[in-house]
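Accompanying notes for the structure given below.
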Amino acid sequence: MFNARKWFAAAACVAASVATANAADLRFHHFLTPQSMPAAKVMTPWAEAVEAASNGAIEITIYPRMQLGGAPPQISDQVRNGIVDLGWVLPGYTPGRFPRLEVFELPSVYNGDPMSTSLAIADMTDGALADDYGRNRVKPVLQIVHAGNLMHCKDKPIRTLADFKGLKIRTPSRTGQYMLEALGATPVGMPVPAIPEALSKGVIDCAAIPWEIAAALKVHELANYHTLLADEKRFGTAVIFTLMNPRSYDRLDADGKAAIDALSGWASSEMAAKQFIAGEDPGRQEAVEHGNEIIILSAEETEAFNSLMKEVEARWIDEAKDAGFDPVALIDEAKTAIAANVGKD
């Protein structure tokens with residue numbers, strides 16, 4: 001089994017060769033529980049590795065469950081404004097703020113492989129994606145996509161595309177909104193911690209999240225049906241990143257910066273993607289053991305879905321054309337970068 005702490009420890013040894021003291025205390029804010037997979041197996045090992053790599057030059061204090069105040073969609077603002085130094089952010093919570101990153105969430109772009117897609121994002125950070133970070137005055141240190149959304153439904157199973165019509169479905173992003181509207185559903189935006197109560201009270205009929213998140217939220221105890229496309233393909237994905245305040249970075253000495261740099265970009269994306277992939281099968285198994293029904297749409301239904309997603313892509317292109325970049329060229333570049341990273345880990 002992949003061990004993030006051992007992986008990061010090895011990476012930290014490389015960075016530690018250039019690290020000394022002068023401790024800077026960095027505040028890392030997120031909205032999940034400390035026991036959740038991203039917190040326990042991605043954020044904490046990453047923070048520990050940075051501390052080790054800096055030989056004490058950096059200390060990172062993690063604040064879960066929005067302990068420093070605010071709501072999950074506000075974390076990117078908290079990072080930008082220096083309220084916190086680091087934050088776990090879903091750009092989908094603030095539609096339009098990171099428009100270039102949205103390209104990787106499109107079902108017509110995401111290939112179902114979180115590893116190659118996460119590495120593609122890392123590869124494009126200093127190029128086509130740079131303006132998203134620059135305009136928001138934030139520095140990315142970890143960028144991934146999760147394994148992909150499936151539909152977790154409480155009482156109304158989705159067995160065909162026609163079954164989407166009229167359902168209220170939680171979505172993580174604007175691209176997810178476009179997808180659900182094309183399917184005839186009503187998209188409902190909300191952060192992941194709100195999903196269990198929303199399902200329980202009937203605010204939503206279904207939630208679009210991966211198996212890993214469903215397990216962490218115990219959604220399998222609320223939802224009776226879980227729907228995927230043919231071959232268990234997913235309904236798109238969501239970009240997630242850890243952002244850093246550039247002024248916090250600039251205040252670090254050379255050794256502290258070296259530690260952050262060594263454990264950012266491709267290295268952190270690779271580690272995080274491995275953890276998100278590893279969390280999928282156990283999450284699926286929990287639903288099976290609970291007696292829930294897993295529904296796989298037919299090849300014909302999946303082909304119809306893929307055709308419909310061309311319309312979603314066209315809608316995104318139309319919405320993005322005034323955002324200061326060429327959306328068609330970005331789609332092509334993203335697909336090329338993903339293909340170039342297939343098979344890498």
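Per-structure values
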| item | result |
| --- | --- |
| Residue-count net charge about residue 126 - beta-carbon cut-off 14 Å; Lys, Arg +1, Asp, Glu -1 | -3 |
| Solvent exposure ordering (accessible area, 1.4 Å, most first) of 313, 48 | 48, 313 |
| Acute angle (nearest 10 degrees) that the helix 174-183 long axis makes with the longest principal axis of the chain, alpha-carbon atoms | 10 |
| Approximate shape of the stretch 107-148 as ellipsoid semi-axes (Cα gyration tensor, √5λ), whole Å, largest first | 21, 10, 9 |
| Whole-percent carbon and sulfur share, accessible surface of the chain, 1.4 Å | 50 |
| Accessible surface, 1.4 Å probe, highest first, among residues 65, 234, 315 | 65, 315, 234 |
| Heavy-atom surface of the stretch 46-127, accessible at 1.4 Å and reported per residue (Å²) | 31 |
| Solvent-accessible surface (1.4 angstrom probe) belonging to residue 328, in square angstrom, nearest 10 | 70 |
| Spin-label model distance (nm) - residue 342 vs residue 130, 7 Å beyond Cα toward Cβ | 2.9 |
| Most mobile listed residue (334, 287, 130) in the chain, GNM with C-alpha springs under 10 Å | 130 |
| Rounded accessible area per residue of the stretch 166-309, 1.4 Å, Å² | 36 |
| Approximate shape of the stretch 78-151 as ellipsoid semi-axes (Cα gyration tensor, √5λ), whole Å, largest first | 22, 14, 12 |
| Unit Cα scatterers, Debye sum, the stretch 190-302: log10 I(q)/I(0) for q = 0.14, 0.24 Å⁻¹ | -0.73, -1.39 |
| Ranking by accessible area, most exposed first, for 84, 342 with a 1.4 Å probe | 342, 84 |
| Where N is the number of residues in the stretch 153-214, Cα Rg divided by 2.2 N^0.38 Å | 1.02 |
| Spin-label model distance (nm) - residue 24 vs residue 308, 7 Å beyond Cα toward Cβ | 4.8 |
| Size descriptor, Kirkwood hydrodynamic radius, that averages inverse alpha-carbon separations across the chain, Å | 20.4 |
| Length gained when the stretch residue 162-residue 323 is fully extended (0.36 nm per residue, less Cα-Cα span) | 54.6 nm |
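The values are calculated or read from the model by the stated rules, or taken from the named source; none is laboratory data. Because the structure is predicted, anything quoted here is derived from the model rather than measured. Quick reminder, even Gly has a Cβ in these numbers, built from the backbone with ideal geometry, and neighbours come from all protein chains shown. When the accessible area is computed, the model is the full protein with side chains, heavy atoms only, and any ligands, DNA or RNA have been set aside. Shrake-Rupley method; radii C 1.70, N 1.55, O 1.52, S 1.80 Å.
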